[in-house]
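Participant: Okay, here's the structure, questions in a sec.
The values are calculated or read from the model by the stated rules, or taken from the named source; none is laboratory data. Model, not experiment: these values are computed from the prediction. Cβ placement follows ideal geometry from the backbone for every residue including glycine, while neighbour counts extend to all protein chains displayed. When the accessible area is computed, the model is the full protein with side chains, heavy atoms only, and any ligands, DNA or RNA have been set aside. Shrake-Rupley method; radii C 1.70, N 1.55, O 1.52, S 1.80 Å.
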Amino acid sequence: MPEVAAPSSADQLRTVPLTDVLELDRIDRGLFRSVHLFEVDRALYGGQVMAQALLACGATVEPDRLPHSLHGYFLRRGNGARPVLFRVDNDRDGRSYSARRVVALQEGEVIFNMSASFRTVADGEEHTVSEVSPRLRPEQCPAITPDPELALRVRVQDWSSPDEFFPTRFWVRPNGELPQDDPLGHAAAIAYMSDFSAGLQRTVGSEVLGPSLDHALWFHRTPRWDDWLFVDLGKGVSAGRRGWYSGTVVDNGEIVASLTQEMAYTDRPSRREAPDGR
């Protein structure tokens, strides 16, 4: 098993509740701005931008319409010490579905864009049972602190290989409690978490898994995140200097969300170098 990261002095950032990290100010019609900033320049976690983009879109639809899917592209490296501006376009409001597009901007440049679809809550036949059952409870799994920036608590059951710091099955919950009567907030929190593995370095041969390229997420049930969720990530594909994987988010044996993620591979850096961007 890879060595588990030890908490550092920066670990105090992990005490920030996830709801505070994702907070937005509404500054005009279809225009929002992030509130939580880090004190030093650092790469902005992609899951944060994606979750806030979903919150911005959700604030422009009727309250009875909840997100069922999103598709986003990471275009530029964001700066966690600077605010992000979110501009939402209303594409369509039908009888049951609403479609939105959003761009996230920093210093006048688009760092992320996303399409999201919302639907009125509807009852129907369900087949959402996961084929994978966790072998261990969260308290039986080692905790990791992969990055103090992330407002998550993670306990890993399985790793991709004995020498890679890349969990494939793990338990996760947010810092702090999520509001009980806010399914949009719960959906955004799951979107934030769904990019978690992108924050971990993974190597294949002479290459290092680099920045995220694109991400898709589907919500199969009304989002709820009141306790530990179990995440099961597939083996994925590596080709053309890109890595792709899919996964499911499971709550009490039922799949609540599915995800796919594609990331760029870069040449393995020397000890003095960090992986380049796109």
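Participant: Defining a contact as two alpha carbons under 8 Å apart and six or more residues distant in sequence, what relative contact order in percent does the range 84-186 show?
Facilitator: 14 percent
Participant: Something else about it: Under a 1.4 Å probe, what is the accessible area of the range 8-138 per residue, stated in Å²?
Facilitator: Values: 7350 Å² over 131 residues.
Spelled out: the 1.4 Å probe surface of the range 8-138, per residue, equals 56 Å².
Participant: Related question: Using the Cα centre as the reference, give the magnitude of the dipole from point charges on the C-beta atoms of the range 22-143 (Lys, Arg: +1; Asp, Glu: -1; all else neutral), rounded to the nearest 20 debye.
Facilitator: That gives a dipole near 300 debye.
Participant: Could you give me D for the range 80-195, from Stokes-Einstein at 37 °C and 0.692 mPa s, where the hydrodynamic radius is the Kirkwood radius over C-alpha pairs? Units µm² s⁻¹, please.
Facilitator: Here the translational diffusion coefficient equals 183 µm²/s.
Participant: Ok, one more. Of the accessible area of the range 102-144, with the probe set at 1.4 angstrom, what percent is carbon plus sulfur?
Facilitator: Carbon and sulfur together cover 45 percent of it.
Participant: With labels modelled as points extended 7 Å from the Cα through the Cβ direction, what inter-label distance (nm, one decimal) is found for residue 131 paired with residue 43?
Facilitator: 3.3 nm
Participant: With viscosity set to 0.692 mPa s and temperature to 37 °C, compute the Stokes-Einstein D of the range 215-263, Rh being the Kirkwood radius across alpha carbon pairs; µm²/s, no decimals.
Facilitator: The calculation lands on 281 µm²/s.
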